[in-house]
Amino acid sequence: MTAPRPFPLPLGLAAAVAAGVAVPAQGRINGALGARLGDGVAAALTSFGTGLAVLAVLAAVLPSGRAGVRGIGSAVRSGTIPWWYLGAGLCGALFVVAQAVTVGVLGIAVFTIAAVTGQTMSGLLVDRVGFAQGRQRPLTGMRVFATVLTLASVAYAVAPKFGAAQDLAALTALVVLPFAAGFAQSFQSAMNGASAVAYSSLLAATLMNFVSGIVGLTVAWAVKVAVAGPGRPLPADFPADWWYYTGGPLGVVFIAVATVLVRRLGVLLTGLGMIAGQLLGSLALDAFAPAPGTVVALPTVVGTVATLVAMVLATLPWNRRMIRTR
């Protein structure tokens, strides 16, 4: 894969926003599957399994995919990328588990805002240090202000949930989980971007992401079974409706677009564009197709809008030039 070409900022952000819309849809699907099975880890494992199946077929059929897969071993052996980049999918596994476990309780909008906070903060860090061979990007005052505004927006958006909660400790733990999952997303995107360059294949990098993710989820589910017993789900518990199994393919779209854009826009801007799509999509889902018990409160709307404003402010220092990476 050759070095990334200059990429127009508006086009890149539009692609990021469009891909971001897939995330709340995936969250709603995985949350529904987790509730149906009574097992969030099994739902996450199912989601990763369907995504891996799609990628495996593509890698087997396309010559570029086969060549990219063959290049994984040589890239690691030569030291082109550290071996632990192969575990980038573990970050995605954490995100899918967080979806399956918390969306049904928090609602997709609050889940997304909590994840957005973690993603924004880690995006600043990843860009600042040039993690995963990325270009170092300055920590400007506007970026810091945008991050603080995002944190304040999240606190305001989740206030209704905390005000009505009877068990604040449990609810706090539920909010921390998507925050941690979001924080890991920037590192995942950066590692996948570097891996795609090393393998000369976007498909191989995305495939490896899903392989490591499903390995991690399989181990987590095996530990759960060993500790708590098999319980549910059994094969008969899996729903027949096809849409329960579309979360994985949606994740493929998200990971692939992020892998391409982080090398051109940087981790923070890619994350902020996807964040915009996530926020708009999640708010639309909760407003027009709410899950049972979900209520869209005014603070959630205000928090969403304020987070979008923060995204715009963070892009201002770069809005008159093309984004280049080395």
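The values are calculated or read from the model by the stated rules, or taken from the named source; none is laboratory data. Quick caveat: nothing in here was measured; it's all calculated off a predicted structure. For neighbour counting, all protein chains shown are included, and Cβ atoms are generated from backbone atoms with ideal geometry for every residue, glycine included. Remember, those area values only see protein heavy atoms, side chains included, never the ligands or the DNA or RNA. Shrake-Rupley method; radii C 1.70, N 1.55, O 1.52, S 1.80 Å.
What pairs come out if I take residues in region 16-28 that are of a type in the set (S, T, N, Q) and pair them with residues that are in a helix (DSSP H, G or I) and modelled with pLDDT of 85 or more whose C-beta lies under 6 Å away, six or more apart or interchain?
Gln26/Gly247; Gln26/Leu250; Gln26/Gly251
Of all residues in region 177-196, how many are in contact with a Phe, Trp or Tyr (Cβ under 6 Å, 6 or more places away or on another chain) and either surrounded by fewer than 24 Cβ atoms within 10 Å (Cβ to Cβ) or farther than 10 Å from Ala88 by Cα (or both)?
Result for region 177-196: 2.
Which fully enclosed helices (runs of 4 or more DSSP H) of region 5-85 have 1 or more residues being under 21 Å from the mean Cα position of the chain (by Cα)?
Counting at least 1 such residues, we get 9-20, 22-37, 40-61.
Among the numbered criteria (1) open to solvent by 20 Å² or more (accessible area, probe 1.4 Å); (2) of a type outside the set (Lys, Arg); (3) outside any helix (DSSP H, G or I), which one does Tyr244 miss?
Checking Tyr244 against (1) open to solvent by 20 Å² or more (accessible area, probe 1.4 Å); (2) of a type outside the set (Lys, Arg); (3) outside any helix (DSSP H, G or I), the one that fails is (3).
Please name all residue pairs, on different chains or six or more residues apart, with Cβ atoms under 7 Å, provided the first residue is in region 80-106 and is farther than 17 Å from Phe254 by Cα and the second residue is surrounded by 20 or more Cβ atoms within 10 Å (Cβ to Cβ) and among the hydroxyl-bearing types (Ser, Thr, Tyr).
Ile81/Ser195; Tyr85/Ser195; Leu86/Ser212; Gly87/Ser212
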